[in-house]
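K.L.:
Before I ask anything, let me first share the structure, which is written out below as structure tokens.
The values are calculated or read from the model by the stated rules, or taken from the named source; none is laboratory data. Quantities reported herein were computed from a predicted structural model and do not represent experimental measurements. Here the Cβ positions follow ideal geometry from the backbone for every residue, glycine too, while neighbour counts run over all protein chains shown. Remember, those area values only see protein heavy atoms, side chains included, never the ligands or the DNA or RNA. Shrake-Rupley method; radii C 1.70, N 1.55, O 1.52, S 1.80 Å.
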Amino acid sequence: MSELYTNPKKPKLKEDEEEEEANVSCREEQEEVLVALVEHRSNEIERLNHHISNYQNKLVEAERSLQNSKAKLAQLRGASVPSISAKKDHKPLKTLRNVSEDYASPSPSKTLRRPCDSSDYPRSGCGSSVSKAKTVVVKQKSETSRDSPNVKDRGMKRKFEQKEHQELIRLIARNSSPTTIKCHTSNQISSQHKRKLRSLILCPVNEQLFATSSLDGMVSLWQLQPGRLAASLLSTTDCLSRKQRRWAEDMAWHPSGNTLFSVYTADDGDSQISILNLNKTRGVTFLENKPHVKGIINNIKFMPWENTCFVTGGSDHAVVLWNESDDEENKWKSKTLHRNLHSAAVMGVDGMRNKNVVLSVGADKRIYGFDVQVGRADYKHQIDYKCMSILANPCDFNLFMVQSGEPEKQLRLFDIRLRKTELHSFGWKQDSSESQSALINQSWSPDGLYLTSGSVDPVIHIFDIRYNARKPTQSIKAHQKRVFKAEWHYSQPLLISISSDLNIGLHKIS
């Protein structure tokens, strides 16, 4: 009889044990996330304290130098100057000059407006959550320093534009209705390329210039026409690789604005990197270093750091960091950051602004954040579809987007501080094809609140990260064939797009 009464209780005990184990597992996951968050914020505080201490020391030294100069001047004039005591409690954030005000440009002096400083951009992008933007004056270098081959400015750190971090992550998926962008007029101009376009990039220091490349191996430099929805072709250069005569797979603009970098393939000992000099007549040069061992080099990105460097990701599973040499012009030292973390082709790379971390995604469905200073991957995550590109947010330095191969869920948002946590995902339906193309690219709006994406259909999809739905906020009919990319202009209310119809689209927005 005792067996009859005890047996029915066993399943209940087993159920309680499973529930307890699930609670423990949940607590452990929460604990892991919080531990990682505490560690990240502790490191951030340590880093900021280090910067504050460094600037305080520099300020004290500068005041001493000023006092010495004034004393010498007074001695020369035969008068006395009241002494200036060096204070130790200066607040460097209020006294230090914003280095972005001296950012050099090859273009004439312009005032570049940040997105929230312009009434032309959507008012929704300038809400209370976004700090007040500043006006950055871009000054012109003298013509002598720009064009003279005798001026050796290589090896020097570029004057770095320090942007302010803006907290956008808390706004993600908060709104039940989207805030749309108005597209007033559009104009299409012939790209004058003979084959399909591959890349579109904007000049980082001259707001009128942009460049395109295509499968014909040509790189074209364009200039927007002030006051008109049009662009003029300035030059076209043959940038085919030396041996195989291959086209550029991807392009990146040097932060100085003077050169364009292109990547090719590592097969058959071909050139891997070319540099198109826009200021000198010698045209295209090829780097001698060939760190990638096989396959196509899929992506190139200049890092948003003070030291000028760029990163490439290739089909050989490698992520390579390139630093500018101090000795010779157009000499770059390559260092392989990792070759064994990814088990398939690296499809995209980017850099975080708040720390020296290189992000990479691959066809193996993996996402890595590699700390260059420490020499290890601090962030790792794997999704259920292959990854095709990655983009760090321009305003929130912890936010980044990954393009995946999953239909209707192509774009995913992540926080570098939270492991194995997806913040939001969205995507689109495709009418003409079910396959997901790695040639389709995305672009962040300057205020970090919107994403544009190309499509195998002839439309530009726009997403508002504050919208809690997965579908596009809106879709703009832009071309006759598939759209590869729609790039937000950083200072004008303009979208620039490229398509397999061989046209360049200019779209005025507000």
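K.L.:
Take the residues in the stretch 221-243 that are open to solvent by 40 Å² or more (accessible area, probe 1.4 Å) and out of contact with any strand residue (DSSP E or B) (no Cβ under 7 Å at 6 or more places or on another chain); name whichever of them is nearest to GLY348 (Cα to Cα).
P.N.:
Only one residue fits best here, namely LYS243.
K.L.:
Then there's this: Within the stretch 442-485, count every residue that is over 21 Å from LYS508 (Cβ atoms), hydrophobic (A, V, I, L, M, F, W, C) and in contact with a Lys or Arg (Cβ under 6 Å, 6 or more places away or on another chain).
P.N.:
1
K.L.:
Scan (1) touching an Asp or Glu at 6+ places or on another chain (Cβ under 8 Å); (2) β-branched (Val, Ile, Thr); (3) buried (at least 20 other Cβ atoms within 10 Å of the Cβ) for the single condition VAL293 breaks and write down its number.
P.N.:
(3)
K.L.:
Check the stretch 55-71 and report whether any residue there is closer than 24 Å to ASN398 by Cβ and open to solvent by less than 80 Å² (accessible area, probe 1.4 Å).
P.N.:
No, the stretch 55-71 contains no residue that is closer than 24 Å to ASN398 by Cβ and open to solvent by less than 80 Å² (accessible area, probe 1.4 Å).
K.L.:
Now a separate question. Whether any residue in the stretch 411-426 is at pLDDT 95 or above, farther than 25 Å from GLU167 by Cβ and either over 15 Å from the mean Cα position of the chain (by Cα) or open to solvent by 30 Å² or more (accessible area, probe 1.4 Å) (or both) is what I want to check.
P.N.:
no
K.L.:
Can you tell me which of TYR5, TYR55 is hydroxyl-bearing (Ser, Thr, Tyr) and modelled with pLDDT of 75 or more?
P.N.:
Within the list TYR5, TYR55, the selection yields TYR55.
K.L.:
Can I ask one more? How many residues, within the stretch 441-471, are part of a loop (DSSP other than H, G, I, E, B), closer than 13 Å to PRO407 by Cα and open to solvent by less than 40 Å² (accessible area, probe 1.4 Å)?
P.N.:
1
K.L.:
Given the options SER432, SER510, name the one that is over 27 Å from ALA363 (Cβ atoms), touching an Asp or Glu at 6+ places or on another chain (Cβ under 9 Å) and open to solvent by 20 Å² or more (accessible area, probe 1.4 Å).
P.N.:
When all the criteria are applied, what remains is SER510.
Yes/no matrix, rows are residues, columns are (1) of a type in the set (Phe, Trp, Tyr); (2) part of a loop (DSSP other than H, G, I, E, B); (3) more than 24 Å from MET347 (Cα to Cα); (4) open to solvent by less than 10 Å² (accessible area, probe 1.4 Å):
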| position | (1), (2), (3), (4) |
| --- | --- |
| SER177 | no, yes, yes, no |
| THR180 | no, yes, yes, no |
| LYS194 | no, yes, yes, no |
| PHE210 | yes, no, no, yes |
| SER213 | no, no, no, yes |
| VAL219 | no, no, no, yes |
| ARG245 | no, yes, no, no |
| SER274 | no, no, no, yes |
| GLU288 | no, yes, no, no |
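K.L.:
Just need a number here: residues in the stretch 331-353 that are crowded, with 16+ Cβ neighbours inside 10 Å and either out of contact with any Pro (no Cβ under 7 Å at 6 or more places or on another chain) or free of Cβ contacts under 8 Å to residues at least 24 places away in the same chain (or both).
P.N.:
Qualifying residue count for the region: 13.
K.L.:
Something else: Restricting the first residue to the stretch 362-376 and requiring it to be free of Cβ contacts under 8 Å to residues at least 40 places away in the same chain and under 10 Å from MET388 (Cα atoms), which pairs with a second residue that is assigned to a strand (DSSP E or B) and of a type in the set (Lys, Arg) meet a Cβ separation below 8 Å and a spacing of at least six or different chains?
P.N.:
No pair meets every condition.
K.L.:
Condition first: of a type in the set (Gly, Ala, Ser), out of contact with any Gly (no Cβ under 9 Å at 6 or more places or on another chain), at pLDDT 80 or above and part of a helix (DSSP H, G or I). Can you find one or more residues in the stretch 20-41 that meet it?
P.N.:
There is no residue in the stretch 20-41 that is of a type in the set (Gly, Ala, Ser), out of contact with any Gly (no Cβ under 9 Å at 6 or more places or on another chain), at pLDDT 80 or above and part of a helix (DSSP H, G or I).
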